[in-house]
Amino acid sequence: MKKQKFKYNPETLSYDKVQVTWRERILKALIFIAPAIVLGVVFSFLFSALFPSPAERKLVRENENLRNNMTVLQEDVMLMTKVMTDLEKRDNEIYRVVFNAEPFPDELRELGTGGVDEYEQYKGYEASDLIISTSKKIKELQKRIYAQSVSFDEVIKLAKEKEQMLASIPAIQPVSNKDLTRIASGYGWRIDPIYKTKKMHWGIDFTADTGTEVYATGNGVVVDCETKSWGYGKSVIIDHGYGYITRYAHLSEFKCKKGDRVTRGQLIGLVGSTGKSTGPHLHYEVEKNGVKINPIHFFHSDILPEEYERMIEMAGNANQAFD
């Protein structure tokens, strides 16, 4: 039987029964239970920390496995990047050189994007740095692979057009010169025959009698037959395509007209001494993508290797131009 509690009342000089409210009872119960709850939580935390549950152990194993896989993936991406770099080098230094094509632009290989943090979703995790780093490398590799596919499409197109291209690129001497005695002045800095000053000579001068036949050095279209009282005098300009243009200057007579399609070895004019010239000769120039280059590199189809070496030596030793 529950003991009844009394409390002395000084006003009545008697003992009154103590009435306990439900609120007081609940408060006392909480005071008694609270330490047990706190201890239970502490012990539960310690137990879970020291002894992870099967589900937690499974998640730990999965995370470790994912981290290992990410590391292997990053190594694979690095290997593929090296392979991609080698392909790009071969493309620029071998494949495109074979077809006389310009190197594929670096800016197209990079295909940069910006403005939005596309890796925001990967932040805030334990392995965020590894995930973001690998994702960036994969993204970069994807761009480079796409750019390389574009470049190879161009190379394939050039390969299919190889026969036409090889027929178009300048490849023979513009005048008959089997004994190699007609080179008077080569490409480079030369003494101007009139002003006697040093001047850049943008072509090769071939000495020949007036009326000597001049031939197109590759297939192409005659884009102009100029006639000037000074400078180049009478000259034929041929566009061969693929960025190549040739000029045949100081002619005495044209054997073609603007708009004509010509083939390699076709007669296009006769040697003369028109314009700024000190004697009968042909001034021959080659231009690639708007830049004048040394024509000596484009006579490989009609002379032997040893003759070519001799021609280079002669062109380099020539000191004074004819124009």
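The values are calculated or read from the model by the stated rules, or taken from the named source; none is laboratory data. The structure displayed is predicted, hence computed values, not measured ones. When we count neighbours, we look across all protein chains shown, and the Cβ atoms used for this are built from the backbone with ideal geometry, even at glycine.
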For this session: All but one of (1) surrounded by 11 or more Cβ atoms within 10 Å (Cβ to Cβ); (2) within 37 Å of the chain's Cα centre (by Cα) hold for Lys82, so report the exception by its number.
Result: (1)
For this session: Residue by residue through the range 256-306, note down the ones that are in contact with a helix residue (DSSP H, G or I) (Cβ under 7 Å, 6 or more places away or on another chain) and not β-branched (Val, Ile, Thr).
Result: Arg264, Tyr284, Glu285, Phe299, His300
Exercise. Filtering the range 146-163 down to residues that are acidic (Asp, Glu) and surrounded by 12 or more Cβ atoms within 10 Å (Cβ to Cβ), which residue is modelled with the highest pLDDT?
Worked result: Glu154
Seminar exercise, completed: The number of residues in the range 164-193 that are under 16 Å from His297 (Cα atoms), modelled with pLDDT of 75 or more and assigned to a loop (DSSP other than H, G, I, E, B) is 10
Exercise. If you go through the range 261-278 one residue at a time, do you hit one that is closer than 27 Å to Arg96 by Cβ and without any contact (Cβ under 8 Å) to a residue 40 or more places away in the chain?
Worked result: no
Exercise. Are any of the residues in the range 48-61 modelled with pLDDT under 80, assigned by TED's automatic domain parsing to the domain that holds Ile138, of a type in the set (A, V, I, L, M) and in contact with a helix residue (DSSP H, G or I) (Cβ under 7 Å, 6 or more places away or on another chain)?
Worked result: no
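Would you point out which residue out of Gly233, Gly243 is at pLDDT below 95, of a type outside the set (Phe, Trp, Tyr) and surrounded by 21 or more Cβ atoms within 10 Å (Cβ to Cβ)?
Working: Gly243 fails: surrounded by 21 or more Cβ atoms within 10 Å (Cβ to Cβ).
Exactly one residue qualifies, and that residue is Gly233.
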Exercise. Restricting attention to the range 311-323, which residues are at pLDDT 70 or above and either out of contact with any Leu (no Cβ under 6 Å at 6 or more places or on another chain) or of a type in the set (Ser, Thr, Tyr) (or both)?
Worked result: Ile312, Glu313
